[in-house]
């Protein structure tokens, strides 16, 4: 990968992988910082239904509300690399990502054979 | 070992290609226009081969399945529209396939339809829950091979081979050009149904394809869909030889099986029913997974049958919910064959939203590296993009003008 990337094309909407390579959300938005006259810097990745409203208007807001409206902020320091996927340095649990799945898991455990 | 693997992939592709939409459209097109539309199947098959190879290659090199690419290239807003369209069409298709399985079971057993819907639903859920991905592909791929009985039937019906050959030459020679165009669009839509590429690309990721599997990908797409096209020819020839000018509209799955029963007797009927049962059952599983793949990939959830059900909880719950909803829809008594027709036409409208992102991603050097599209793939990809746009724009007007192919 080259040193510069187009964040609109090669960062936003990419799949997030945690330190164990598990899929744990998408790059839904970015937090940028910078003073007037200075270049902007990406300081964090935002992931979760909370930012869908800003991405897709009324429809996005509806689905964001349906999805619980949370947003997880992942500091840029926790990003290991950006390639076909965005690899993170920490475990999903530590970053509070993929909570929806964790909540459903006990439900599935009641069905025999769920771990095969 | 390698050849064995290729063979399995090919078998799976045949099973995955011919579904209730292909059965309905190929046989009805034969019944209405004889062999005249055979050339359209060729166009559809080359299209699905082109784009399956492309998305399989993207899956092998980047680990991205189709809806990852949709989200990445169309962005959240347009991607969300594509997702909603895909889910609606996919649910219609799933409902039609489950209905088709129940009809097959009814023709085989004579038990009441509603009970068989329930049995079909439970059987599908159990198969998906306990069977691994590659075995699902194998079982339904092998079973679907019974459809080859239609190829034997096509020969036994002694069609006028000159007319068959003429059917492969693109031509319009009819008093009802609108109906002809409607069937052409339906055949293309059925051949290039988006769920096939959702499933194919996600399957590549499920089987952990890498650069070394690119040959396998090519063979699967080329020979698998090629043989699927061969079966489509057979179905249309059977439809043309048996039903044309006889005033019979094959609007029931039962009349499609007549295509094998008339020339081959009871054994033909049985093979046709078993073939349809497995092909349509396999397609039901493909669509069931495709809906869950699309949603999970769009939202970045963990997905895949290679994770056990609790390893990808939201993916698992999605397909369980889809199955229950589809079962509810079949229970309303909606006619699966009619629903199929609508599903194929509506999916034709949504085709560009699936195929444009694949073409873009397959050309992205940043992660496809030296495996980006070659000249041939881009040439065909662009031509089919035009084809798909024409289909998309004309599908609904033609459906209305021809009263869903009834006039």
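Read the figures in this text as sums done on the coordinates, not as results from a lab. Nothing here was measured: the structure is a model prediction, and the numbers come from that model. Note that each Cβ is placed from the backbone with ideal geometry, even for glycine, and that neighbours are counted across all protein chains shown.
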Check your understanding: Which value in Å does the Kirkwood hydrodynamic radius of segment B:209-264 take, with 1/r averaged over all unlike C-alpha pairs and then inverted?
Key -> 13.5 Å
Practice item. For segment B:297-402, compute Rh as the Kirkwood radius over C-alpha pairs and then the Stokes-Einstein diffusion coefficient at 4 °C and 1.567 mPa s; write the answer in µm²/s, rounded to an integer. Key: 75 µm²/s
Practice item. Using a Gaussian network model of chain B whose springs link C-alpha atoms within less than 10 Å, name the residue from B:259, B:189, B:328 with the highest mean-square fluctuation. Key: B:328
Check your understanding: What relative contact order, as a whole-number percentage, does chain A give when Cα pairs under 8 Å and 6 or more residues apart are counted?
Key -> 24 percent
Check your understanding: If you line up the Cα atoms of segment B:270-323 on their principal axes, what length do they span on each, largest first, in Å?
Key -> 43, 20, 17
Revision key, fill the gap. Expected max-MSF residue from B:65, B:165, B:221 in the GNM of chain B (alpha carbon, under 10 Å) is B:165
Check your understanding: Rg and Dmax of segment B:164-213, using alpha carbons, in Å: what are they?
Key -> 17.8, 52
Review point. Over chain B, what is the mean sequence separation of C-alpha contacts under 8 Å (at least six apart), divided by residue count, expressed as relative contact order in percent?
Key: 38 percent
Revision key, fill the gap. Computed, not fitted: 222 nm per-residue ellipticity of chain A from DSSP H runs ≥ 4 (each -39500 (n - 2.57)), nearest 500, equal to -7500 deg cm²/dmol
Point to revise | Shape call, segment B:231-390: gyration tensor on alpha carbons, a/c limit 1.5 | key: oblate
Revision key, fill the gap. So for R0 = 56 Å, FRET eff. of residue A:62-residue B:119 from the Cβ-Cβ r, to 0.05, ends up at 0.90
Practice item. Report the full-extension gain for the segment residue B:158 to residue B:389: residue separation times 0.36 nm, less the Cα-Cα distance, to one decimal in nm. Key: 79.4 nm
Exercise for review: Give me the Debye-computed log₁₀ of I(q)/I(0) at q = 0.12 Å⁻¹ for chain B, equal point scatterers on Cα only, no solvent, two decimals.
Suggested key: -0.89
Exercise for review: Note down the relative contact order for segment B:265-407 as a percent, whole number, built from C-alpha pairs under 8 angstrom at least six residues apart.
Suggested key: 17 percent
**Study point:** Computed FRET value (nearest 0.05) for residue A:11 with residue B:132, which takes r as the C-beta separation and R₀ as 60 Å
**Key:** 0.95
Practice item. Arrange A:85, B:171 by Cβ neighbour counts within 10 Å, fewest through most, would you? Key: B:171, A:85
Review point. Alpha carbon centre of segment B:145-217 versus segment B:245-302: separation in Å?
Key: 14 Å
Exercise for review: Please give the contour-minus-distance gain from residue B:401 to residue B:218: 0.36 nm per residue of separation, less the Cα-Cα distance, rounded to one decimal in nm.
Suggested key: 61.9 nm
Exercise for review: Output the direction-averaged projected area (hull surface divided by four) of the convex hull of the alpha-carbon atoms of the protein assembly as shown, in nm².
Suggested key: 25.3 nm²
**Study point:** Separation between Cα centres of segment B:373-407 and segment A:87-115, rounded to whole Å
**Key:** 41 Å
Point to revise | 0 to 90° range, to nearest 10: angle between helix A:52-66 axis and chain A longest Cα axis | key: 20 degrees
Check your understanding: So how do B:232, B:62, A:47 line up by other beta-carbon neighbours within 10 Å, fewest first?
Key -> B:62, A:47, B:232
Revision key, fill the gap. Using alpha carbon positions and the Kirkwood radius, the Rg to Rh ratio of segment A:16-68 is 1.10
Practice item. Using just the alpha carbons, could you tell me how many Å³ per residue the convex hull of segment B:101-169 encloses? Key: 141 Å³
Check your understanding: Any idea how far apart residue A:43 and residue B:172 come out in nm if each label point goes 7 Å out from Cα toward Cβ?
Key -> 6.2 nm
Check your understanding: Can you pull the three principal axis extents for the Cα set of chain A, in Å, largest first?
Key -> 60, 35, 21
